[in-house]
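The values are calculated or read from the model by the stated rules, or taken from the named source; none is laboratory data. This structure is a prediction, so every number in the text was calculated from the model and none was measured. Please note: Cβ atoms are built from the backbone with ideal geometry, for glycine as well, and neighbour counts cover all protein chains shown. With ligands, DNA and RNA removed, areas are computed over all heavy atoms of the protein, side chains included. Shrake-Rupley method; radii C 1.70, N 1.55, O 1.52, S 1.80 Å.
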Amino acid sequence: MTIYNFIALFGGLAFFLFGMNVMSANLEKMAGGKLEGVLRKMTSNPFKSLMLGAVITIAIQSSSAFTVMLVGLVNSNIMELSQTVVTIMGSDIGTTLTAWILSLNGIETNNVIVSFLKPENFSLIVALIGVVMTMACRSEKKKDIGTIFCGFGVLMYGMSMMSASVAPLADMPQFQNLLIAFDNPFLGLLMGVAFTGVIQSSAASIGVLQALSLTGSISLGMAVPLIMGANIGTCVTAVISGIGVSRKAKRVPVIHVSIKILGTIIWMAVYLAARYLLSLDLFSHTVSAFQIAVFHTVFNIGTIVVLLPFSKKIVKLAEKILPVPEDEYENHTVLLDERLLVSPGLAVAQCRERTVEMANLARNSFIRSLSIFDDYNEKAIDEVIAMEQRLDELEDKLNDFLSRIAIKPLTQKDNNAVSEMLHCINDFERIGDHAINMTKTAGELRENENQFSNIARGELGILSKAVSRILAITLKAFENDDSKTASYIEPLEEVIDDLVKEIKSRHIQRIRDGICSGDLGILINDFLTNCERVSDHCSNVGVCIIQTGNSSYDTHGYLHEVKYGGEASFTELFDEYKDIYHLLSLQEEAVEGPQKIFDGSVPDPALESMDPYKMKEEENDKFKS
């Protein structure tokens, strides 16, 4: 065996790892946010969780990456520790698929059709199809499939290189002497742990072992400890991912390692008893790539069968190994864990949840600020301040996290989602700022012992209802990413703009007539400005939802076309909203009686329909009274 054989061996391993990485990245990209939905289906049913863990690991072709995802989810308090143990067991089943595919290399036949089952034969065709798809197809999904095919071809080429490079080893006395040393089960176990820990891929280490088995020099007695060691070594990635997280999240890699070590203890005891007590002759027989795949699967499934009934005990074991101080539950809060970036699609889904939280906070904070004008109290002001601080925190974290996700390989849908969130989070945060401004205006009114006149309060009450409605529509449109609901926002925003202009005009006229005090002009102007700005931010969100859905970002062009293009649907909606939210006539304003700026009637964003026709039927009488 020459130096070139060693170069070919490590070069083949490099191709194998690169091909695996390309396959894994693009499989995960295609899965996208669907992983989020799958993870959320995890229930107390252990068999369902087991299957979900296996399916996700097959989808992303990496049990290590899946465990890293779980660390991030637990660290972000998205999942409970008890939910992870069975899914980790399931991932151990999913990780055996690669070994079965590689085992087909051991097929020896003269039948042309059967020989095509050998990966080294059909992988060339798969790679050719992949190259054609990536170069000729326009669909992003087809290009991703083509890239997966190419990755598989590179992986199998690397396997073939390794197999060819180690073939001369069979005739080398030095290699035979080395194998005698590894015939020691404990030495073989440690070698499996060390080699897999270095390359951080049990699939690759099992692949190398399968390549060596083709030389006919590896016995079953040597292979079994190496396989068990490889299963322990694959936990290194998860252990590394546990650095810098909460103790609660650190328990996830502890569970992973515990399962592997307990499984190894069980199977090592069976192995030692069968080989040395029973002196079974089969351990001296040479092992094939197929038999390696079989034992790799038996080890993982057998371990799960034995340990599954004790899953709760394993969680308690992890809790004893890593006890969590009581203050950590209170002090350790992670909005978005960077470990989620190992699965960009999952990271996008988690960012979406946080952005929806921002949308809810923005709406609630402004509506709460409106209520302060009728019921001034420090508790309400503190609530608005707390919500605004949370909005600031979420905006900073999301801006950073989404910028990092944007450079990852994403589907078009996820790309659109990232773009939409980056555009909207600033609008939600600014609505919170306007809520703070409103509390200051209410505070100045109270400090000066002034109040708006009943006429002014009645007008501001109608404006408040319109703003509450546009916030509700915006929240629902964003939560559901619904372009149709978003189309209701702009007509209402125009109505609010007209209301603001008319209220300003009427207020100026009342000052001239001596009905209202000029001292309140600045405060009522602040009230109107904040309401108008909030509706503008809602408009920005609505336009972003519509434009992102159309993969277009010409906001000004869209708004000009909608407002001045004579679009019938816009005009019809505008007229309906104008009919619902209109100021009273001068005669109606003269009616005496207390008026509320905010009467507590908050529109429900979960309404089945935001259709203004339905709103008119249900609320028109109330708004006109």
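When W267, W100 are compared by accessible area at a 1.4 angstrom probe, the order from most to least is W100, W267.
Around the amide H of S219, modelled in the peptide plane, lie the amide H atoms of V287, all under 5 Å away and 5 or more residues distant in sequence or on another chain. D by Stokes-Einstein for the stretch 402-441, Kirkwood Rh over Cα pairs, 10 °C, 1.306 mPa s: 135 µm²/s. In order along the stretch 372-379, the Karplus-derived 3J(HN,Hα) couplings, from 6.51 cos²θ - 1.76 cosθ + 1.60 at θ = phi - 60°, round to 5, 5, 9, 9, 6, 7, 5, 4 Hz, and Gly and Pro are given as x. Report the normalised scattering of the stretch 378-445 as log10 I(q)/I(0) at q = 0.13, 0.21 Å⁻¹, calculated by the Debye formula with identical scatterers on the alpha carbons. So the normalised log intensities are -0.47, -0.83.
Considering all alpha-carbon pairs of the stretch 360-476, what whole percent are spaced by more than 24 angstrom? Result for the distance tail: 38 percent. Label separation (S139 vs V270): 4.4 nm, computed from points 7 Å beyond Cα along the C-beta direction.
For the peptides 132-145, 189-202, 152-165, the ranking by packing is 152-165, 189-202, 132-145, with the highest mean count of neighbouring Cβ atoms within 10 Å listed first. Working note: Debye formula, equal point scatterers on the alpha-carbon atoms of the stretch 417-514, no solvent; log10 I(q)/I(0) at q = 0.22 Å⁻¹ is -1.26.
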